[in-house]
1. When Lys and Arg each count +1 and Asp and Glu each count -1, what net charge do the other residues less than 13 Å away from residue A:274, Cβ to Cβ, add up to?
2. Could you give the alpha-carbon Rg of the protein assembly as shown over 2.2 N^0.38 Å, rounded to two decimals?
3. Once the whole set of protein chains is in place, how much accessible area is left on residue A:57, using a 1.4 Å probe, in Å² to the nearest 10?
4. Quick one: net charge around residue A:109, please, counting Lys, Arg +1 and Asp, Glu -1 for every other residue with C-beta under 9 Å from its C-beta.
5. Which angle from 0 to 90°, rounded to the nearest 10, does the C-alpha axis of helix B:2-13 make with the longest principal axis of chain B?
6. Can you give me the orientation-averaged projected area of the convex hull built on the Cα atoms of chain B, in nm²?
7. Add +1 for every Lys or Arg and -1 for every Asp or Glu among the other residues with Cβ under 10 Å from the Cβ of residue B:65, and state the total.
8. Between chains B and A, what is the buried accessible area in Å², counting both sides, with a 1.4 Å probe and ligands, DNA and RNA left out, to the nearest 100?
Amino acid sequence: MFGLFKNRIFRRFKKTEASIHELNYLFWECTTRCNLNCLHCGSDCSKDSSTQDMPLSDFLLALDTIEPKSENLMVVLTGGEPLMRKDIEQCGREIRKHGARWGMVTNGYLYNQDKHNALINAGMGALTISLDGLEINHNWLRNNNNSFARTDSAIALARGSTRLNFDVVTCVNARNIDEIPLIYNYLLSQSVKAWRLFTIVPIGRAANSPDLVLTNQQFKYLLDFISHTRKLKTIDIKFSCEGYVGPYESKVRDTGFFCRAGINIGSVLIDGSISACPNIDRSFVQGNIYTDNFFEVWNTKFQVFRDRKWTKTGRCANCNQYADCQGNGMHNWYGDKANVLVCHNEKINPAG
Amino acid sequence: MKSKWIRNILRGLSVTSMVFIFQACYGSPQDMKYDMFIEGLVKASATGEPIQGIKVSLTDTDQYEFTDEMGKFSFYTDLSGSYPILFEDTDGGQNGVFMAVDTVLIPENNSVYFEMLLDRP
């Protein structure tokens with residue numbers, strides 16, 4: 001009874017959030033260059049990307065249109081690999097000076113003591129490092145034999161910082177699912193406090209690796225592992241917000257499923273496109289900072305993200321959990337809006 | 001404004017105090033801490049000339065910064081009531097030789113500027 005009440009209130013809360021649509025979280029795809037060539041990459045970037053990095057001044061002009069900025073507006077530098085930019089510290093420092101907090105997602109390969117110090121000095125307050133297995137699997141997935149050692153060093157630096165809100169993310173796939181408990185032990189031994197797990201969605205380069213996608217049984221195993229480990233309170237482990245997981249909703253995350261793309265989360269992509277999360281199909285782009293005022297676009301467009309009724313189609317059309325799920329994460333939709341790419345709940349209960 | 005009140009009430013009722021602390025699927029966590037911006041200038045006490053290459057360290061953390069050619073330094077750090085700072089000449093005689101100074105900075109707000117004079121031995 002209480003759970004039902006809570007669900008209804010949470011639905012209402014989500015609706016109100018969509019109506020207010022306060023921008024709290026802004027991705028900046030500052031480069032599409034990358035020093036690795038991961039098999040599961042959702043952005044399909046490359047070492048010799050022909051696309052130029054976006055000049056910092058262009059991004060700052062867009063950032064300055066956001067007025068007033070919410071108190072905790074967070075800019076998250078992403079790519080590609082953000083550390084490929086030589087001016088990354090300057091980028092962070094200017095973002096902080098322009099009234100936003102900032103953080104970064106990195107593969108850790110270029111993250112050494114000097115870089116760590118310079119980024120903290122530049123006001124970095126949050127960091128996510130990707131770790132996709134122990135040495136053999138991580139290096140295999142990252143296509144680089146030194147990747148694990150570099151990431152291991154990066155994790156040691158980050159976890160020692162009192163300034164950083166730091167977590168490790170792991171992309172769980174058919175290759176590393178069996179060693180999830182070993183990764184857990186490794187993270188505990190490294191005194192990592194927070195661990196977020198997500199699964200492969202067949203977008204970007206990952207679309208070419210269907211063998212990496214978890215089976216239904218493996219997916220359930222993952223959720224059971226997270227649920228069980230959360231009870232131990234040894235590490236702040238959670239399933240990412242990538243999708244609605246029905247009966248596991250209250251067991252694998254701090255809050256119920258809420259895809260905030262376009263509601264609280266926006267992005268400035270490498271070509272100036274204005275969108276929500278960078279991994280969302282580019283046909284959902286709402287404008288461009290080179291031709292539009294960013295904040296005006298944020299305030300007046302994005303209806304497709306804020307009213308998701310259009311997702312009640314395809315396999316979502318007759319789903320009895322639609323009210324809580326609302327079409328799953330937005331990155332699970334292509335521009336034709338015909339059908340959701342992945343239904344996590346269906347993986348848990350195929351007959352349901 | 002009214003909507004924000006409604007949202008806050010709904011947040012309370014849904015017993016999800018964490019609803020404002022979120023992260024995108026593939027993004028970093030949010031930064032909810034307060035920080036401090038410290039900047040300054042290091043000069044030679046005898047001449048008033050700026051000194052390049054002085055290492056400015058927060059001794060209770062692993063943070064440090066080197067002064068630039070104008071003798072300037074700046075960095076963000078955790079908000080705290082006081083900051084023990086060490087000024088050291090670590091580049092030998094490259095920019096002159098100066099004695100180290102230990103000091104404690106007690107800021108009055110979340111941004112501070114100060115000048116430090118260093119003596120030759």
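The values are calculated or read from the model by the stated rules, or taken from the named source; none is laboratory data. Because the structure is a prediction, the values reported are computed rather than measured. Ideal geometry is used to build each Cβ from the backbone, glycine not excepted, and the neighbour counts take in all protein chains shown. Each accessible area value is taken on the protein alone, full model and side chains, heavy atoms only, with ligands, DNA and RNA left out. Shrake-Rupley method; radii C 1.70, N 1.55, O 1.52, S 1.80 Å.
1. Result for the neighbourhood of residue A:274: -3.
2. So the Cα radius of gyration is 1.03 times the expected 2.2 N^0.38 Å.
3. Here the residue's solvent-accessible area equals roughly 70 Å².
4. +1
5. 80
6. Computed as one quarter of the Cα hull surface, the answer is 11.6 nm².
7. 0
8. So the total buried area for this chain pair works out to about 4300 Å².
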